[in-house]
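Every number in this text was worked out from the coordinates using simple rules, so none of it is lab data. Source: prediction; values computed, not measured. Every residue, glycine among them, receives a Cβ derived from its backbone with ideal geometry; neighbour counts consider all protein chains shown.
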Amino acid sequence: MNMPPLIPPFDFQTHVLGPWSSPEIAAGTFWTMATCSLVAICCGLLGCFLIVQGLALIGDAISHTVLLGIVVAFLLTGQFSGMAMLIGAGLTGIVTALLIEFIHRSSRIKQDAAIGIVFTSLFALGVILLNTMASHQHIDADCVLFGDLEFAMFDTTKIFGVAIPRSAVQLTLVTAVVASVIALFYKELLVSAFDPQLAAVLGLKPRLVRYGLMGLLSLAVVSSFQAVGAILVVAMMIAPPATAYLLTDRLPKMLLLTVVAGVISAIVGVHVAFWLNAATAGAMVCVACGLFTLAFLFSPRHGLAVGALRRFRRDDPPLADELSVSA
Amino acid sequence: MIPQGEQGSADEGRPNLPDSSLGADRPLPLSVRSLTVSYDRKAVLWNVDLDVFAGRIVGVVGPNGAGKTTLIKAIMGLLPLQSGTILINGKPLKKQPGAIGYVPQRESVDWDFPVTVHDVVMMGTYGTLGLFRRPGRKQREICRRSLDQVHMSSYAHRQISNLSGGQQQRVFLARALAQEADLYLMDEPFAGVDAATEAAIIELLRTQRDTGRTILVIHHDLQSVADYFDDVLLLNRHVVAYGPVGDVFTVENLRTTYGGKLAVLPEHANGET
Ligand SMILES: Nc1ncnc2c1ncn2[C@@H]1O[C@H](COP(=O)(O)OP(=O)(O)OP(=O)(O)O)[C@@H](O)[C@H]1O
Ligand SMILES: [Mg+2]
């Protein structure tokens, strides 16, 4: 057989140090990594609030329907970037959430079916508008799904004399906004997610919080997808938060672990992509899912393997306070 | 807001209490006027009038589907009203967030949510905190005291799924206490708790009542109604009867409420001959 091996042999020198070998290559590697990390952080932080409410599918929906907002913004302003696109995307996210809720509330259709209908029809509308009215060299439906990291890395702007990819700049801003909103409105987000009825009684405006979350999510998506595509956005919205969810029992820790898992996925993913000569986004998703698998098996509290071990041992003493009888 | 004159509204929604002078100077904790609520155009609650006086434990009793949960949700502003007004301490709830302490049915939240017992109780204090403010020492103190009152202090740092049903109920109770509200609404707080916990909860409710708080409890066990409550509201789509337990909790009223479906009559119901 003279087929090349499926997996090229791993060589520390070329595959780990290689991406950092010269200043230009190192800058490229750094910005790729930074962009992917920022995507993972802003999507992951928002994803945490989705998965604790069982709303991961809404994230999936919004990451596709923003296409419609982008196209409509382009038809109105003639631009595929900047403020108009952000506003267009933000509004579509909110419209998506509103439509899903409207269908689900005013008929017997369950939420999952409502999500499926709204998501596919708005995305299809976006694709049709794009094909028929808004042809543009850098945006097509493929690019929305898979992104174009190479192109994004060359599309730079100079800040203090340093060439920085535009998408990295935009993602830094959006991540900063996401992080500050979560810090400032943490209690509103927490109570609305855990017990919307209590949130309403306490005057914490759970519906406003929900639509705010969807709007922010759309901002994160639209800033991410040009570089990395909607598929990676969805993965980063769900896999790192799900990993973190298995590792902790408190929301603040979950947010922190999500950031850690996301950044590890980005850093390792970029190197794996270099090693296998594969798409960075794909490699990153694989690493994120690898981390999830590890947590799924070996999480100290919820892990499959740990649970099996505990059942096998059987000599686990019960927790001290389980023995004390309560009043 | 039209002041409801004492003489003008001697209607069936107002029980004649021995100490009704108490409520004369202060606005009533809860006052409901001609409330109608419907889902999908079908009226579930019909023309409900209800005045609840301060410092009472009020039982809400009625068959399944009578609209008890609906009434509580409407009072909390969670449902659109078809008609009628609801005043809490003489004002609409919107103007005083957190004025109602709320104990939901246990199934209403996801117990796998990544929060500890302490986190959940802390949520009770958020209503009075205001925008951008984080809970501080005062809120932690309230939280500690509330957990103490329901004997759950040793569980403070447990994740909430690692609790028994009765313990979960007590967490909700502590959270309501942490709200430091004047009016409490509880949806079947005794469902699925053992006799000891039930006794502890009712004891706690009594101490709260004695400090002037008002508590509305949805309850299914007719045997304990006379023992637990000061007033009772018999509800079946409309108010069948409302007043002090001694006057209202009669076999005849119960028959009307349950429409003959009442298999076992409570021992303590009045009017047996
Ligand atoms: N979301 C809803 N949509 C439509 N109808 C509803 C809804 N919730 C309740 N209902 C109907 O309203 C009526 C009253 O319901 P409610 O939950 O208030 O009863 P309940 O007195 O609390 O009963 P239970 O003792 O079983 O808890 C029922 O007939 C129910 O079918
Ligand atoms: Mg009910």
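Quick rundown of the values:
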read-out: FRET efficiency, 1/(1 + (r/R0)^6) with R0 60 Å, evaluated for B:Asp227 and A:Ala176 via beta carbons; value: 0.55
read-out: With at most 11 neighbouring Cβ atoms within 10 Å, loop trypsin sites (Lys or Arg not before Pro) (DSSP) excluded, longest segment of chain B; value: B:134-260
read-out: Within a Gaussian network of chain A (alpha carbon springs, distance under 10 Å), most fluctuating of A:Val259, A:Val162, A:Val272; value: A:Val162
read-out: Two-site FRET efficiency, B:Asn64 against A:His15, from Cβ-Cβ distance with R₀ of 51 Å, rounded to 0.05; value: 0.15
read-out: Rg and Dmax of segment B:171-218, Cα atoms only, in Å; value: 10.3, 28
read-out: Gaussian network model of chain A, Cα within-10 Å springs - most flexible of A:Gly116, A:Gly44, A:Gly282; value: A:Gly116
read-out: Most fluctuating residue given options B:His220, B:His118, B:His157, as computed from a GNM of chain B linking Cα atoms under 10 Å; value: B:His157
read-out: Amide H contacts under 5 Å for B:Tyr184, placed H, 5+ residues apart; value: B:Gly101, B:Thr214, B:Ile215, B:Leu216
read-out: Sparsely packed chymotrypsin sites (Phe, Trp or Tyr not before Pro) within segment A:146-212, loop by DSSP, other Cβ within 10 Å at most 13; value: A:Phe160
read-out: Span-like helix ranges in chain A, DSSP H, alpha carbon extent 15 angstrom or more, Kyte mean at least -0.5; value: A:23-51, A:56-77, A:82-105, A:111-133, A:166-184, A:206-247, A:251-276, A:280-298
read-out: Compactness relative to 2.2 N^0.38 Å, alpha carbon Rg of chain A; value: 1.10
read-out: All-pairs Cα distance distribution in the protein assembly as shown, expressed in whole percent, bin size 20 Å; value: 18, 42, 29, 10, 1, 0
read-out: Cα convex hull of chain B - mean projected area over all directions, nm²; value: 15.8 nm²
read-out: Long-range HN-HN contacts of A:Asp148 with modeled amide H, under 5 Å; value: A:Ala227, A:Val228, A:Gly229
read-out: MRE, 222 nm, helices only [DSSP H, n ≥ 4, -39500 (n - 2.57), over chain B, to nearest 500]; value: -8000 deg cm²/dmol
read-out: FRET efficiency for A:Ile164 and B:Lys42, using Cβ-Cβ distance with R0 set to 60 Å, rounded to 0.05; value: 0.50
read-out: Selection from B:Ile215, B:Ser38, B:Leu129, by position along the positive dipole direction of chain B (Cβ); value: B:Leu129
read-out: Amide proton proximity set for A:Thr156, modelled H, under 5 Å, gap of 5+; value: A:Arg166
read-out: For chain A: relative contact order, % (alpha-carbon pairs under 8 angstrom, 6 or more apart); value: 25 percent
read-out: Global form of segment A:165-292, assessed from the alpha-carbon gyration tensor, a/c cut-off 1.5; value: prolate
